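Asker: This is the structure I want to talk about, given as structure tokens.
Computed from the coordinates by the stated procedures, all read-outs in this text should not be read as laboratory data. Given the structure is predicted, the values throughout are model-derived calculations rather than measurements. Using ideal geometry, Cβ is built from the backbone for each residue, glycine included, and neighbour counts are taken over all protein chains shown.
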Amino acid sequence: MSPSSRPSGPVRSAADEINEEIRRLWTGPGAHPTLPLSPAQRARYQHLLAELRRVEGEGVTTAA
């Protein structure tokens, strides 16, 4: 998604929060960029990706 087509306002804020949580999974305590996520971390990651798609989709629907 290009910067000019990114949603703004509450949708962007929610997406930013979800992205930050995804980053913490990969860079937080006990995380290592070359090691795979644990099963629990992987499940959380998949949940966050689904939530991010939902939030970004709402922004597109709202804008349309």
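Asker: Which order do peptides 34-45, 13-24 fall in by mean Cβ count within 10 Å, highest first?
Answerer: Final packing ranking: 13-24, 34-45.
Asker: Still on this structure: For L37 and S13 in the same chain, what is the full-extension length gain: residue separation times 0.36 nm, less their Cα-Cα distance, in nm?
Answerer: 6.1 nm
Asker: Report the label-to-label distance for T27 and R53 in nanometres (one decimal), using points 7 Å from each Cα along the Cα→Cβ vector.
Answerer: Placing both labels 7 Å along Cα→Cβ, they lie 2.5 nm apart.
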